[in-house]
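Undergrad: Below are the structure tokens for one structure; questions will follow.
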Amino acid sequence: MKRTRAEQAFTVFNVIFLLFVVIICVYPIYYVLVASISNPTRISAHTGILTRPLGFTLEAYKRVFQNPSIAQGYQNTLIYVVLGTAINIVMSCIGAYVLSLQHLVIHKALTKFVIFTMFFSGGMIPMFLQIRRLGMIDSMWAIIIPSAINTYNMLIMRTSFLSIPASLQESAKIDGASDTRILLQIILPLSKPIIATMVLYYGVANWNSWFNAMVYLRSRELYPIQLILREILITSNTLSMTTDIASADILDIGHTIQYATIIVVTLPILLVYPFLQKYFVHGLTAGAVKG
């Protein structure tokens, strides 16, 4: 079917507009990457758009990897991400399954109560007092337990569970299967796309989390990588990586160290996305059906 001129013009406009959006989204990452491998003095003096490296040096990356705080922060973040995401998925699956049981007497009341928590909370001070009373201040559990479940993600999983034919669960119950067995052997195997999507959601959230660490942690040995990155970017704390450099050059190489740190911290989570991409769209659409 031949398209009209208006349709062709609309297609051209869409392509141009989307290319513009892609450039806006990609260029900041490209700029940081190029600046991180550029000559510190030349990049500090440069203004305007950066299209290619100004010189080439990996000195900034060398100093980043030599910083013990970066290695310790990476180790802590991996623990928070792996352990935290595992707890997130387990808690969300259990909560979503309970909310998907429409035959429960308190189903509607329980659902409304859970939705209520999305809009109202006790606030930061009561949460801090509760964490302190539980004795979790300055421990890894202060980062993992308070964020063990996200109401929005749990409701998405609940909607996905509701899309599974009820006849499968009824047949299992007739055969004597318990709710635990139904969840583990029927619901979860059929919900791999939404689980993969939640792993991505929770994993990114745990990787990027820094505020709870700033509030609850006192020991620097427990800091996640994002809190170390915050120190480097906001307070320009690069002195530990520039002790052997002349004072006149500290500011210049400090900028490239900041760029290199951003790449080192961001790259791992970017590399994870392609492995979960095939589940991503399917998982979102499966959880978007109104239950």
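The values are calculated or read from the model by the stated rules, or taken from the named source; none is laboratory data. Please read these numbers as outputs of a predicted model, since none were measured by experiment. Cβ sites come from the backbone with ideal geometry, for glycine too, and all protein chains shown count toward neighbours. When the accessible area is computed, the model is the full protein with side chains, heavy atoms only, and any ligands, DNA or RNA have been set aside. Shrake-Rupley method; radii C 1.70, N 1.55, O 1.52, S 1.80 Å.
Undergrad: Test residue 81 against the stated conditions and say whether it is open to solvent by less than 80 Å² (accessible area, probe 1.4 Å), within 25 Å of residue 188 (Cβ to Cβ) and not acidic (Asp, Glu).
TA: Yes: the conditions hold for residue 81.
Undergrad: If you don't mind, another one. As an exercise: evaluate residue 82 against (1) within 15 Å of residue 209 (Cβ to Cβ); (2) among the hydrophobic types (A, V, I, L, M, F, W, C); (3) at pLDDT below 90 and give the number of the one condition it does not meet.
TA: Exception for residue 82: condition (3).
Undergrad: Under 13 Å from residue 255 (Cβ atoms) and either among the acidic types (Asp, Glu) or at pLDDT 85 or above (or both) - does that describe any residue in the range 66-73?
TA: Among the residues of the range 66-73, not one is under 13 Å from residue 255 (Cβ atoms) and either among the acidic types (Asp, Glu) or at pLDDT 85 or above (or both), which makes the answer no.
Undergrad: So which residues in the range 142-176 are without any contact (Cβ under 8 Å) to a residue 24 or more places away in the chain and either buried (at least 17 other Cβ atoms within 10 Å of the Cβ) or over 27 Å from residue 198 (Cα atoms) (or both)?
TA: Result: 169, 171, 172, 173, 174, 175, 176.
Undergrad: Do we have any residue at all in the range 198-217 that's buried (at least 20 other Cβ atoms within 10 Å of the Cβ) and among the β-branched types (Val, Ile, Thr)?
TA: Scanning the range 198-217 turns up no residue that is buried (at least 20 other Cβ atoms within 10 Å of the Cβ) and among the β-branched types (Val, Ile, Thr).
Undergrad: Let me ask something else. Output the residue which, of all residues in the range 14-38 that are open to solvent by less than 60 Å² (accessible area, probe 1.4 Å) and not small (Gly, Ala, Ser), is farthest from residue 265 (Cα to Cα).
TA: 14
Undergrad: Applying the selection to the range 84-128, what residues are in a helix (DSSP H, G or I), aliphatic (A, V, I, L, M) and surrounded by fewer than 12 Cβ atoms within 10 Å (Cβ to Cβ)?
TA: 109, 124, 125, listed by residue number.
Undergrad: Only residues that are under 24 Å from residue 211 (Cα atoms), part of a helix (DSSP H, G or I) and not β-branched (Val, Ile, Thr): list them for the range 141-180, please.
TA: Across the range 141-180, the qualifying residues are 141, 142, 152, 153, 154.
Undergrad: Does residue 65 fit the bill of being surrounded by fewer than 19 Cβ atoms within 10 Å (Cβ to Cβ), under 20 Å from residue 151 (Cα atoms) and among the aromatic types (Phe, Trp, Tyr)?
TA: Criteria not met by residue 65.
Undergrad: Right, next: Looking at (1) more than 19 Å from residue 87 (Cβ to Cβ); (2) of a type outside the set (A, V, I, L, M); (3) in contact (Cβ under 8 Å) with a residue 40 or more places away in the chain; (4) not in a loop (DSSP other than H, G, I, E, B), which one does residue 218 not meet, given that it meets all the others?
TA: (4)
Undergrad: Sort out which residues of the range 130-140 are touching a Pro at 6+ places or on another chain (Cβ under 9 Å), buried (at least 16 other Cβ atoms within 10 Å of the Cβ) and either hydroxyl-bearing (Ser, Thr, Tyr) or assigned to a helix (DSSP H, G or I) (or both), and write them in order of number.
TA: If the condition is that a residue be touching a Pro at 6+ places or on another chain (Cβ under 9 Å), buried (at least 16 other Cβ atoms within 10 Å of the Cβ) and either hydroxyl-bearing (Ser, Thr, Tyr) or assigned to a helix (DSSP H, G or I) (or both), then 131 is the only one that fits.
Undergrad: Considering only residues of the range 42-57 that are open to solvent by less than 80 Å² (accessible area, probe 1.4 Å) and β-branched (Val, Ile, Thr), which is farthest from residue 264 (Cα to Cα)?
TA: My answer is 43.
Undergrad: Exactly one of (1) in contact (Cβ under 8 Å) with a residue 24 or more places away in the chain; (2) more than 26 Å from the chain's Cα centre (by Cα) is unmet by residue 110. Its number?
TA: The one condition residue 110 does not meet is (1).
Undergrad: Count, please, the residues in the range 117-176 that happen to be of a type in the set (D, E, K, R) and modelled with pLDDT of 90 or more.
TA: The qualifying residues number 4.
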